[in-house]
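Undergrad: Here it is: the structure, laid out below.
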Amino acid sequence: MYYNKTMGKYAYTLIKENKRIIGWDNAPHHKGLDNFPHHFHTADGQTIPSKLKGNPEADVYIVIEEINKFYAITRS
């Protein structure tokens with residue numbers, strides 16, 4: 001988890017064996033996505049709009065929920 005309050009930048013990343021599995025950030029690329037600059041990097045390599053808004057007090061719960069869903073699916 002990374003959050004810089006002064007700059008308003010964040011990144012939440014699930015890493016396994018030095019490789020990003022899934023992750024959210026608000027780096028200002030992917031300008032064509034809804035909810036720019038907030039986006040999500042999926043496990044299959046796609047970049048899609050994310051539900052995050054840049055408020056870590058709320059966003060962390062979304063991240064935890066999505067990571068739990070990811071592990072529930074991968075364990076099935």
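Undergrad: Here are the criteria: (1) closer than 18 Å to K69 by Cα; (2) β-branched (V, I, T); (3) assigned to a loop (DSSP other than H, G, I, E, B). Tell me which single one I22 does not satisfy.
TA: (3)
Undergrad: Considering only the stretch 29-40, I want to know if a residue exists there that is on the phi < 0 side of the Ramachandran plot and part of a strand (DSSP E or B).
TA: So far as the stretch 29-40 goes, yes, one or more of its residues are on the phi < 0 side of the Ramachandran plot and part of a strand (DSSP E or B).
Undergrad: Quick one: in the stretch 22-52, of everything that is aliphatic (A, V, I, L, M) and surrounded by 16 or more Cβ atoms within 10 Å (Cβ to Cβ), which residue is nearest to V63 (Cα to Cα)?
TA: L52
Undergrad: List pairs: first in the stretch 60-76 and within 18 Å of M1 (Cβ to Cβ), second among the aromatic types (F, W, Y), Cβ under 7 Å, 6+ apart or cross-chain?
TA: V63/Y12; V63/W24
Undergrad: Still on this structure, I have one more. Considering only residues of the stretch 7-21 that are of a type in the set (A, V, I, L, M) and free of Cβ contacts under 8 Å to residues at least 24 places away in the same chain, which is surrounded by the most Cβ atoms within 10 Å (Cβ to Cβ)?
TA: A11
Undergrad: Still on this structure, I have one more. If only one of Y12, Y61 is part of a strand (DSSP E or B) and of a type in the set (S, T, Y), which one is it?
TA: That would be Y12, the only listed residue that is part of a strand (DSSP E or B) and of a type in the set (S, T, Y).
A short reminder: the numbers here are calculations on the coordinates, not readings from a lab. If you're wondering where the values come from, they're calculated on a predicted model, not measured in any experiment. Here the Cβ is made from the backbone with ideal geometry for all residues, glycine too, and neighbour counts use every protein chain on show.
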